[in-house]
1. Contact list please: Cβ distance under 7 Å, first residue in segment 283-303 and within 16 Å of Val240 (Cβ to Cβ) and touching a residue at least 12 places away in the same chain (Cβ under 8 Å), second residue open to solvent by 60 Å² or more (accessible area, probe 1.4 Å) and among the aliphatic types (A, V, I, L, M), pairs at least six apart or on different chains.
2. Does Gly233 satisfy the criteria of being in the same structural domain as Arg210 (by TED's automatic domain parsing), surrounded by fewer than 15 Cβ atoms within 10 Å (Cβ to Cβ) and in contact with a strand residue (DSSP E or B) (Cβ under 7 Å, 6 or more places away or on another chain)?
3. Mind checking which pairs have a first residue in segment 238-265 that is open to solvent by less than 40 Å² (accessible area, probe 1.4 Å) and a second that is among the charged types (D, E, K, R), Cβ under 8 Å, 6 or more apart or different chains?
4. Taking the conditions exactly as written (within 16 Å of ligand 2 (Cβ to nearest atom) and without any contact (Cβ under 8 Å) to a residue 60 or more places away in the chain), does Leu44 satisfy them or not?
5. If you take the residues in segment 101-113 that are open to solvent by less than 40 Å² (accessible area, probe 1.4 Å) and in contact with a Cys (Cβ under 6 Å, 6 or more places away or on another chain), which one is nearest to ligand 1 (Cβ to nearest atom)?
6. Could you name every one of the strands (runs of 3 or more DSSP E) located completely within segment 117-217 that has at least 3 residues being outside the structural domain of Arg87 (by TED's automatic domain parsing), open to solvent by less than 40 Å² (accessible area, probe 1.4 Å) and under 30 Å from Asp258 (Cβ atoms)?
7. Does Val72 fit the bill of being away from ligand 2 (no atom under 16 Å from the Cβ) and among the β-branched types (Val, Ile, Thr)?
8. Identify all residues within segment 135-186 that are among the hydroxyl-bearing types (Ser, Thr, Tyr), within 10 Å of ligand 1 (Cβ to nearest atom) and within 10 Å of the chain's Cα centre (by Cα); write none if there are none.
Amino acid sequence: MKAAILHDYKQPLRIEDVPRPECAADEVLIQVEACGVCHSDLHLAEGGWPQLLSAVTVKKPLVMGHEAVGRVVEKGRDVAQFALGDRVGVAWIYWSCGQCRLCKEGLENLCPRQIITGVTVDGGYAEFVKAKASHVTRVPETLSAQEAAPLFCAGLTVYRSSKKAGIRPGQRVAVFGIGGLGHLAVQVAKSFQAEVIGIDVTEEKLALARSLGADHALNAAAGDFAAQLKKVGGPHVALVTSAAKAAYDLAFSSLRPDGTLAVIGLPAEDLTFPPIVMVARETRIVASSVGTRADLRELLDLAAAGKVRCHSEARPLAQINQVFDDMRHGRILGRVVVRA
Ligand code: NAD
Ligand code: ZN
Ligand code: ZN
């Protein structure tokens, strides 16, 4: 089968013919119809996360891609819950143990034994991906593969972070970064009945935010950004989905007292916030890591009800390096999904 392979950090992925995976008794083989391209893949391909790289063993050579949706075409003998032809998706969490304290507390996304799709095992930048039947999630038939794939990381992550940030109806929520995650965050925050402020550095992204229901759209690069945001009012919650440290600095300083900064985007540098300001304003900082299968089911229901819709473009898998380049330069509107 065709797959895009990472051999070394900072090198382009190579499109190669590799053996099709064979599924074990508890696994399914999925023919990938669409796999979303997440900025995390770009960070990983660039070797940009030293802490992650020292904590987990990245498979090499590696097929990345952790937003894969397709049809079940083979299944192991112990798999009863799926039939051939079912449409399912594979998320970041390929497997979690189900036995540790965190798993038992419903925090499988923090399981120390977890296996990560497209990081520690092969993912979806390929014609086929195999996955644990216990950890794949059924896609509602009303959603196409292209619509559903980006929900498996981008959508899931912003859904969980919106819950963790405790967004309440009527609150002002600023979404910093209207990219793959952020354009879905605008819609998720609207579904939580918030007043939403979309913030990015290009007019095209701001127009997208408006078209998706943002009540305000502000350009963080504009000289009068702070004054404009003041006019709207300091947000109760800032969901920072950009990987720019500058976005975090702006988000922190713009929050109203008793505000919550949600850490989602992953800059390479450490973030620092002055404690005197945090204390004076009783600022909360919460972080969230992708999401659980339960979060994903809730989000897919929201999408099936038409409340969250991914703006996406499908491109051939062979163009993956151009897609990365477009992402590096902020040229993607919404999400790109690739297919072999
Ligand atoms: P993306 O490239 O699609 O979107 C990033 C957006 O940020 C772009 O629209 C860009 O124009 C905008 N931006 C750049 N500089 C900005 C600034 N100064 N102010 C405001 N906006 C700015 O990326 P994505 O796929 O949405 O991923 C975003 C980040 O989220 C990445 O760092 C990724 O690794 C991370 N991520 C985290 C989790 C998690 O579990 N916490 C999960 C998935 C992705
Ligand atoms: Zn991702
Ligand atoms: Zn566990």
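1. Cβ pairs passing all conditions: Ser289/Leu110.
2. So Gly233 passes the test.
3. Going by the 8 Å Cβ cut-off, the qualifying pairs are Ser242/Asp200; Leu255/Arg281; Gly259/Arg281; Gly259/Arg284; Thr260/Arg284; Leu261/Arg284; Ala262/Lys164.
4. no
5. This residue is Cys111.
6. Where strands (runs of 3 or more DSSP E) fall fully within segment 117-217 and carry at least 3 residues being outside the structural domain of Arg87 (by TED's automatic domain parsing), open to solvent by less than 40 Å² (accessible area, probe 1.4 Å) and under 30 Å from Asp258 (Cβ atoms), they are 172-176, 195-200.
7. yes
8. Thr157
The values are calculated or read from the model by the stated rules, or taken from the named source; none is laboratory data. Because the structure is predicted, anything quoted here is derived from the model rather than measured. Cβ coordinates were reconstructed from backbone atoms using ideal geometry, including for glycine residues, and neighbour counts include every protein chain displayed. In case anyone asks, the SASA skips ligands and DNA or RNA and just uses the protein heavy atoms, side chains included. Shrake-Rupley method; radii C 1.70, N 1.55, O 1.52, S 1.80 Å.
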